[in-house]
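Working notes, structure below.
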């Protein structure tokens with residue numbers, strides 16, 4: 001362990017004669033200055049270009065419009081939006097670094113992210129390797145449920161649809177909650193269990209959970225009837241894969257990374273259309289649930305095999321003798 005607060009990455013690399021510098025998530029290191037002066041080979045993993053993509057597509061405007069008054073929204077749009085983007089532009093140091101040394105390797109976690117890097121940052125396509133993110137391994141696998149509401153839901157055997165990441169605007173929870181409120185009017189035996197949702201429940205069968213422990217999250221995956229994933233932006237998409245691990249049907253946004261990684265396994269919908277989300281929910285007949293669950297399990301096996309293979313490839317890149 002090295003304290004980086006009083007020195008620079010370049011000086012650390014030189015002091016300890018580091019041969020290869022692995023940056024596991026580019027967004028968290030971009031604030032350090034002088035990356036272009038790194039003398040050793042660097043392997044940089046870029047999961048997504050969330051700030052850049054969402055700014056260019058105007059999703060940040062959509063988020064602000066939904067959460068601010070008209071006066072504050074207009075003020076932000078006129079005077080602060082560009083500043084916010086510049087403050088969050090952490091990728092330019094990597095562009096300089098990658099162009100400074102032909103030996104540096106860029107790893108994208110999906111074909112979508114690779115194309116995003118080429119389009120947004122102008123890094124040549126041949127400099128980028130696509131290696132799927134490794135599967136997330138949970139350290140807790142106990143049967144005891146910690147959160148009392150989740151424990152009550154499971155013990156009473158309530159049928160529920162799971163909605164994750166609801167605190168993140170990019171996960172688009174509000175539209176999903178609105179769509180479920182209409183769905184629940186005709187399906188009295190189903191609940192929506194959201195994790196992290198900050199608003200008020202729109203329906204008596206919308207049950208709100210805070211951030212869950214690893215063990216409770218696994219239990220929520222195991223016990224849910226399906227995962228509802230209305231995300232507006234992804235680089236890869238972990239939650240659908242984790243639900244598929246348990247053979248759960250997945251209803252997901254029809255966006256590039258989700259289509260790429262999961263193929264025809266999910267039931268897709270337009271994430272900007274509450275009607276389309278509602279239609280996807282209504283499509284989950286008992287027979288459709290069985291068919292979709294089978295596709296989920298098969299897709300999980302295929303994707304996890306790719307993840308294992310790509311992790312082996314990444315490790316070989318990291319440890320091979322230069």
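Table for the structure above
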read-out: Filter result for residue 304 (buried (at least 16 other Cβ atoms within 10 Å of the Cβ) and either more than 12 Å from residue 250 (Cβ to Cβ) or touching a residue at least 60 places away in the same chain (Cβ under 8 Å) (or both)); value: yes
read-out: Selection count, the stretch 78-129, where residues are in a helix (DSSP H, G or I), within 22 Å of the chain's Cα centre (by Cα) and more than 22 Å from residue 59 (Cα to Cα); value: 1
read-out: Verdict on residue 71 being without any contact (Cβ under 8 Å) to a residue 24 or more places away in the chain and either more than 19 Å from residue 168 (Cα to Cα) or not assigned by TED's automatic domain parsing to the domain that holds residue 170 (or both); value: yes
read-out: Subset of the stretch 114-145 [over 30 Å from residue 216 (Cβ atoms) and buried (at least 19 other Cβ atoms within 10 Å of the Cβ)]; value: 114, 116, 117, 123, 128, 131
read-out: Some residue of the stretch 35-44 being under 27 Å from residue 112 (Cα atoms) and assigned to a helix (DSSP H, G or I); value: yes
read-out: Selected residue (only one of 252, 243, 280, 265 is at pLDDT 95 or above, part of a loop (DSSP other than H, G, I, E, B), buried (at least 16 other Cβ atoms within 10 Å of the Cβ) and on the phi < 0 side of the Ramachandran plot); value: 265
read-out: Breaking point among (1) more than 29 Å from residue 306 (Cβ to Cβ); (2) modelled with pLDDT under 90; (3) surrounded by 12 or more Cβ atoms within 10 Å (Cβ to Cβ), for residue 168; value: (1)
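To keep it simple, each residue is scored yes or no on (1) modelled with pLDDT of 90 or more; (2) farther than 30 Å from residue 316 by Cα; (3) within 27 Å of the chain's Cα centre (by Cα).
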position	(1), (2), (3)
3	no, no, no
48	yes, no, yes
63	no, yes, yes
68	no, yes, yes
76	no, yes, yes
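The values are calculated or read from the model by the stated rules, or taken from the named source; none is laboratory data. Note that the structure is a prediction, hence the values are computed from the model and not measured. With ideal geometry, Cβ positions are generated from the backbone for all residues, glycine too; neighbour counts draw on all protein chains shown.
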